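Engineer: Here it is: the structure, laid out below.
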Amino acid sequence: MKLITSYTSPFGRKVRIVLAEKRIEYQIIEDNPGVAGSSVPELNPLGKVPILIMDDGRTLYDSRVIVDFLDHSSPVGKLIPNDQRQAINVKRREALADGISDAAVLIRQERLRPEPLQSREWVAHQQAKIERGLASIAAELDEKKWWGSEQFSLADVALGCTLAYLDFRLPEQGWHSNHPNLLKFYNKLAERPSFVETSPPLI
Ligand SMILES: N[C@@H](CCC(=O)N[C@@H](CS)C(=O)NCC(=O)O)C(=O)O
């Protein structure tokens, strides 16, 4: 299998962590859809990474479809519970963490536009999603070890990627001081080899 992604994408990192947790071999191909000549739009009409090229040549996107496929490909390190009700709980949480990453990516893209074109209202609209999302997650997590279920799950993977991406691209956001329980959770999670191996480059 081949994974096409940028090393800084929080969604690409989620897939890489799932591959590592499940001990699935793959080849990574770095591609940035924002760069001229990228092959991403030919493989995904939405022009986004990550994209998985399966062994039979078929392509899969987006990250939620990819991780669902991967989790069902091997019984090692199951990240989505078999029970349908519990699986939906985990996936709803994954969607919430991913939605915060979506808002953070949009803020990052807005900030890359020439200053006079940037909209403060748009940034504030996205920031409000991030703040509401984090408050909701912090309340659900409370002092529990894992967010999604009794076991480490895809919800925890997605949340870890989102919190790391906020530190990476929006360090001023302030979630460390606003939500100490998220910080405690994140500090433990970040020690997992799958997280250590997939840290974004320092750029
Ligand atoms: N819902 C998608 C989101 C993917 C996404 O937004 N990827 C960003 C990189 S972090 C991207 O490729 N953006 C390029 C663009 O929007 O043109 C997923 O989970 O895979």
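Engineer: Given H placed on each backbone N at 1.01 Å, which residues far from Ile29 in sequence or on other chains put an amide H within less than 5 Å of it?
Structural biologist: It is Leu3, Ile4, Thr5, by chain and number.
Engineer: Which percent of the Cα-Cα distances in segment 109-168 go past 18 Å?
Structural biologist: Values: 865 of 1770 pairs.
Summing the P(r) of segment 109-168 above 18 Å gives 49 percent of all pairs.
Engineer: Over the residues of segment 84-192, compute the C-alpha Rg and express it relative to 2.2 N^0.38 Å.
Structural biologist: Details: Rg = 14.5 Å, N = 109, 2.2 N^0.38 = 13.1 Å.
Dividing the Cα Rg of segment 84-192 by 2.2 N^0.38 Å gives 1.11.
Engineer: For the residue pair Ser177 and Glu121, what label-to-label distance in nm results when each label sits 7 Å from Cα along the Cα-to-beta-carbon direction?
Structural biologist: The two pseudo-label positions are separated by 3.0 nm.
Engineer: List the extent of the Cα atoms of segment 146-185 along each of their three principal axes, largest first, rounded to whole Å.
Structural biologist: Rounded to whole Å, the extents work out to 32, 18, 9 Å.
Engineer: What are the extents of the Cα atoms of segment 2-73 along their three principal axes, listed from largest to smallest and rounded to whole Å?
Structural biologist: 34, 25, 19
Engineer: Placing +1 at every Lys and Arg Cβ and -1 at every Asp and Glu Cβ, with all other atoms neutral, what dipole size does the chain have around its Cα centre, in debye to the nearest 20? Walk me through the numbers on the way to the answer.
Structural biologist: Numbers: 26 positive and 27 negative charges, 42 e Å.
Computed charge dipole of the chain: roughly 200 debye.
Engineer: Points 7 angstrom from Cα along the Cβ direction at His72 and Val35: gap in nanometres?
Structural biologist: For His72 paired with Val35, the spin-label model returns 3.4 nm.
Engineer: Which percent of the accessible heavy-atom area of segment 84-192 goes to carbon and sulfur, probe 1.4 angstrom? Walk me through the intermediate numbers first.
Structural biologist: Working: 3000 of 5850 Å².
Roughly 51 percent, rounded to a whole number.
Engineer: Right, something else. For the pair Ala128/Glu140, report the inter-label distance in nm, with labels modelled 7 Å from Cα in the Cβ direction.
Structural biologist: Result for the modelled spin labels: 2.1 nm.
Engineer: What is the sum of charges, Lys and Arg at +1 and Asp and Glu at -1, for the other residues whose Cβ falls under 13 Å from the Cβ of Ala95?
Structural biologist: Numbers: positive: Lys14, Arg64, Lys91, Arg92, Arg93, Lys129; negative: Asp62, Asp68, Glu94, Asp98, Asp102.
Taking every other residue near Ala95 into account, the sum is +1.
Engineer: Along its three principal axes, how long is the chain when you only count alpha carbons? Whole Å, largest extent first please.
Structural biologist: Each principal axis gives a Cα extent; for the chain these are 48, 47, 30 Å.
Engineer: Would you kindly state how much longer the chain becomes between Arg23 and Val65 on full extension, computed as 0.36 nm times their sequence separation minus their alpha carbon distance, in nm to one decimal?
Structural biologist: Details: separation 42, 0.36 × 42 = 15.12 nm, distance 1.84 nm.
Extra length from Arg23 to Val65 when fully extended: 13.3 nm.
Engineer: So, one more: I'd like the chymotrypsin sites (Phe, Trp or Tyr not before Pro) in segment 1-82 restricted to DSSP loop residues with at most 14 other Cβ atoms within 10 Å, sorted by number. Working shown, then result.
Structural biologist: On the way: sites: Tyr7, Phe11, Tyr26, Tyr61, Phe69; in loops: Tyr7, Tyr26, Tyr61.
Sites meeting the loop and neighbour criteria: none at all.
The values are calculated or read from the model by the stated rules, or taken from the named source; none is laboratory data. Everything numeric here is computed off the predicted structure, so don't read it as measured data. Note: ideal-geometry Cβ built from the backbone for every residue, glycine included; neighbour counts use all protein chains shown. SASA here: full protein model, heavy atoms, side chains in, ligands and nucleic acids out. Shrake-Rupley method; radii C 1.70, N 1.55, O 1.52, S 1.80 Å.
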